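Asker: This is the structure I have questions about; it appears just below.
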Amino acid sequence: MSTLFATLNLPEAQLSNLDNLGYQKMTAIQSSALPHALQGADLIAQAKTGSGKTAVFAITLLAKLDPQNFAAQALVLCPTRELSTQVANEIRRLARYQPNIKVVTLTGGQPLSPQAASLEHGAHVIVGTPGRINDHIGKRTLDLSKIHTLVLDEADRMLEMGFMEDISKIIRLTPAYRQTLLFSATYPDDIKALSKQFQRNPVQVKAETLHQANAITQHSFLCQKHERLPALETLLAHFKPRSAVIFCNMKVGVREITEHLQQRGFSVKALHGEMEQRDRDEVFVQFKHHSFNFLIATDVAARGLDIEDLPCVINYELPHDPDIYIHRVGRTGRAGKEGLALNLLTDAERHKLTDIGIAQQTELDFEVISAIAGSTLTPRQPPNMTLCIAAGRKEKVRPGDILGALTGDGGIDGKAVGKIDVLDYAAYVAIERSVAKQAVTRLANGTIKGRKFKVKLL
Ligand code: AMP
């Protein structure tokens, strides 16, 4: 099977766009799925975050879009708002080869009417959660009669979250001739039933390696139940990861670790399901910006989050389900980089390690935590800070406008500016810590696209 995008029947402009994005070779799921999907076949793809699955459906649906027609032509259903935002951003990147493709996200936690207004202006691609999309259908603000590509992303998660009924209702409103692409990390009976009901002769594809176990070094340490917090510090002191996601099974654990590490001077933030959506977005953006070092999270809150360049995952507790372990650990060791997974377990949890070993077909050894005790660690300052500007996509602010405002005459050096994320309601800029204050002053005294916006450091 060829792994070059050029072997696919794609417009030249898309091939050079892919090249500009640094997508040289196809990932395993892309080379097995794209040839079928581009021919219009229905697909069941077993693939996880990190496999490059988003590009499979994004490239497929974009190839079929008619930019002149402002009816909604493609619909992507996702389990969470975070995943919807990521998917919409990836579609926008992959759509750059065609001018003026509109991608709208429809998710909860925000008022309906601005979303309805965006729809009224015309949208080619809709990305959102089943609940909110149904709300729009109920209010007659969304017409699905021209949808030619329907994507169910992380379908297993959507069913787990109880979205079956919403999904069925939505699919019934789309035309029967549509192409249906179903993505799921696991393939339980309810997914089979969903496929049987809504797909025609689907081609089934699977990423060869769901989890690049060989790129990830895994170490497990036995500790007493009451020793978990000091054991976590021992891990940080011994392995010295510059950044890590620390997973807990429950949000009480998240709070406990966050407070403990903060008291010790570590740069950490919590992410759990009870936080307001906007706070979650901000925490996640700051983590991606390297504006703090350790993200303490539950599985629910971290679901679907895609973090490039994550050197380490720590399981403060082992999850009950080996699939969840594989999912957690698969967030490190991406894109050919080496990853590190560190696990803490008590005696009573040893069976979980055995189950994980069976699931990933590699037996996992463990040692006692005292074997690596003794190192000390001075908490490190994160390299960057995150600037928040009260101007988002709604104000038509683009990353280039912000970069220009920061760096123009007498401004700061462009090299000190990192990722710029423009969300619907605000923009976030990663900026080197040493010039962060200067950057705020510059923006506070200047303008972006001729307008003044509120600016603060997070
Ligand atoms: P996904 O599994 O869709 O969440 O994608 C994981 C990451 O891989 C995203 O950051 C994509 O932008 C990136 N990606 C997807 N396909 C490729 C490719 N062929 N080459 C390089 N990076 C890719």
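The values are calculated or read from the model by the stated rules, or taken from the named source; none is laboratory data. Predicted model, so just to flag it, every value in this text is computed and none were measured. All Cβ positions, glycine included, derive from the backbone under ideal geometry; neighbour counts span all protein chains shown.
Asker: Do the conditions hold for PHE57, that is, is it within 8 Å of the ligand (Cβ to nearest atom) and at pLDDT 90 or above? Even if it seems obvious, please write down each step before you answer.
Answerer: On the way: within 8 Å of the ligand (Cβ to nearest atom): no; at pLDDT 90 or above: yes.
No.
Asker: If I filter the stretch 198-205 for residues that are out of contact with any strand residue (DSSP E or B) (no Cβ under 6 Å at 6 or more places or on another chain) and more than 21 Å from GLY128 (Cβ to Cβ), do I get at least one hit?
Answerer: Yes.
Asker: Looking at (1) in contact (Cβ under 8 Å) with a residue 60 or more places away in the chain; (2) touching a strand residue (DSSP E or B) at 6+ places or on another chain (Cβ under 7 Å); (3) assigned to a loop (DSSP other than H, G, I, E, B), which is the only condition LEU340 fails?
Answerer: (3)
A quick yes/no check of all residues on (1) away from the ligand (no atom under 13 Å from the Cβ); (2) hydroxyl-bearing (Ser, Thr, Tyr):
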| site | (1), (2) |
| --- | --- |
| PHE5 | no, no |
| LEU15 | no, no |
| GLN24 | no, no |
| ALA28 | no, no |
| SER31 | no, yes |
| LEU34 | no, no |
| ALA37 | yes, no |
| ASP42 | yes, no |
| ALA45 | no, no |
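Asker: Next question, about the same structure. On the given criteria, is THR332 closer than 12 Å to VAL245 by Cα, of a type in the set (Ser, Thr, Tyr), in contact (Cβ under 8 Å) with a residue 40 or more places away in the chain and in a loop (DSSP other than H, G, I, E, B)? Before the answer, list the steps.
Answerer: Details: closer than 12 Å to VAL245 by Cα: yes; of a type in the set (Ser, Thr, Tyr): yes; in contact (Cβ under 8 Å) with a residue 40 or more places away in the chain: yes; in a loop (DSSP other than H, G, I, E, B): yes.
The answer is yes for THR332.
Asker: Only one of these is farther than 26 Å from GLU160 by Cβ and either under 18 Å from the mean Cα position of the chain (by Cα) or within 13 Å of the ligand (Cβ to nearest atom) (or both): LEU62, LEU77, LEU94. Name it.
Answerer: On the way: LEU62 fails: either under 18 Å from the mean Cα position of the chain (by Cα) or within 13 Å of the ligand (Cβ to nearest atom) (or both); LEU77 fails: farther than 26 Å from GLU160 by Cβ.
Testing whether each residue is farther than 26 Å from GLU160 by Cβ and either under 18 Å from the mean Cα position of the chain (by Cα) or within 13 Å of the ligand (Cβ to nearest atom) (or both) leaves just LEU94.
Asker: Same structure again: May I ask you to say which residue of GLY22, GLY52, GLY40 is in contact with a strand residue (DSSP E or B) (Cβ under 8 Å, 6 or more places away or on another chain) and at positive phi?
Answerer: Selected residue: GLY40, the only one of GLY22, GLY52, GLY40 that is in contact with a strand residue (DSSP E or B) (Cβ under 8 Å, 6 or more places away or on another chain) and at positive phi.
Asker: Sticking with this structure for a sec: For the stretch 433-458: of the residues being surrounded by fewer than 17 Cβ atoms within 10 Å (Cβ to Cβ) and touching a strand residue (DSSP E or B) at 6+ places or on another chain (Cβ under 6 Å), which is farthest from THR105 (Cα to Cα)?
Answerer: Among those that are surrounded by fewer than 17 Cβ atoms within 10 Å (Cβ to Cβ) and touching a strand residue (DSSP E or B) at 6+ places or on another chain (Cβ under 6 Å), it is ARG433.
Asker: Note down all Cβ pairs under 6 Å where the first residue falls in the stretch 76-89 and is at pLDDT 95 or above, the second is assigned to a helix (DSSP H, G or I), and they're at least six residues apart or on different chains.
Answerer: Hits for this filter: VAL76/VAL87; LEU77/PRO130; CYS78/SER84; CYS78/VAL87; VAL87/THR54.
Asker: Then there is this: Collect the residues in the stretch 119-146 that are touching a helix residue (DSSP H, G or I) at 6+ places or on another chain (Cβ under 9 Å), farther than 13 Å from ASP166 by Cβ and part of a helix (DSSP H, G or I), keeping them in residue-number order.
Answerer: Answer for the stretch 119-146, where residues must be touching a helix residue (DSSP H, G or I) at 6+ places or on another chain (Cβ under 9 Å), farther than 13 Å from ASP166 by Cβ and part of a helix (DSSP H, G or I): just LEU119.
Asker: Right, THR174: part of a loop (DSSP other than H, G, I, E, B) and in contact with a helix residue (DSSP H, G or I) (Cβ under 7 Å, 6 or more places away or on another chain) or not?
Answerer: no
Asker: Further question on the same structure: Could you run through the stretch 143-172 and say how many residues are closer than 14 Å to GLY128 by Cβ, touching a Leu at 6+ places or on another chain (Cβ under 6 Å) and not β-branched (Val, Ile, Thr)?
Answerer: 3
Asker: Next up: Looking at GLY330, GLY339, which is the one that is within 16 Å of the ligand (Cβ to nearest atom) and touching a Ser or Thr at 6+ places or on another chain (Cβ under 6 Å)? Give the steps one after another, and end with the answer.
Answerer: Values: GLY330 fails: touching a Ser or Thr at 6+ places or on another chain (Cβ under 6 Å).
The conditions single out GLY339.
Conditions (1) in contact (Cβ under 8 Å) with a residue 40 or more places away in the chain; (2) surrounded by fewer than 23 Cβ atoms within 10 Å (Cβ to Cβ); (3) outside any loop (DSSP other than H, G, I, E, B), marked per residue:
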position: GLU308; (1), (2), (3): no, yes, no
position: PRO319; (1), (2), (3): yes, yes, no
position: ARG328; (1), (2), (3): yes, yes, yes
position: LEU344; (1), (2), (3): yes, no, yes
position: GLY357; (1), (2), (3): no, yes, yes
position: THR362; (1), (2), (3): yes, yes, no
position: CYS388; (1), (2), (3): yes, yes, yes
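Asker: Mind listing whichever residues of the stretch 177-205 are of a type outside the set (Val, Ile, Thr), assigned to a helix (DSSP H, G or I) and within 19 Å of SER32 (Cβ to Cβ)?
Answerer: Result: SER195, single match.
Asker: Enumerate the pairs (first residue in the stretch 137-165 and acidic (Asp, Glu); second residue anywhere and surrounded by fewer than 23 Cβ atoms within 10 Å (Cβ to Cβ) and in a helix (DSSP H, G or I)) with beta-carbon separation below 6 Å, excluding pairs fewer than 6 apart on the same chain, so at least 6 apart or on different chains.
Answerer: As it stands, the answer is ASP156/ILE191, since those pairs meet every condition given.
Asker: Can you name the number of the only condition in (1) at pLDDT 90 or above; (2) within 26 Å of the chain's Cα centre (by Cα) that CYS223 fails?
Answerer: It fails just one condition, (2).
Asker: For the stretch 400-458, give me the residue count where each residue is over 29 Å from the mean Cα position of the chain (by Cα) and among the charged types (D, E, K, R).
Answerer: Of the residues in that region, 7 qualify.
Asker: Regarding VAL254, is this residue touching a Lys or Arg at 6+ places or on another chain (Cβ under 8 Å) and either in the same structural domain as HIS320 (by TED's automatic domain parsing) or without any contact (Cβ under 8 Å) to a residue 40 or more places away in the chain (or both)?
Answerer: Against the criterion (touching a Lys or Arg at 6+ places or on another chain (Cβ under 8 Å) and either in the same structural domain as HIS320 (by TED's automatic domain parsing) or without any contact (Cβ under 8 Å) to a residue 40 or more places away in the chain (or both)), VAL254 does not qualify.
Asker: Restricting the first residue to the stretch 24-38 and requiring it to be under 15 Å from VAL151 (Cβ atoms), which pairs with a second residue that is among the acidic types (Asp, Glu) and more than 6 Å from the ligand (Cβ to nearest atom) meet a Cβ separation below 9 Å and a spacing of at least six or different chains?
Answerer: Hits for this filter: ILE29/GLU208; HIS36/ASP42.
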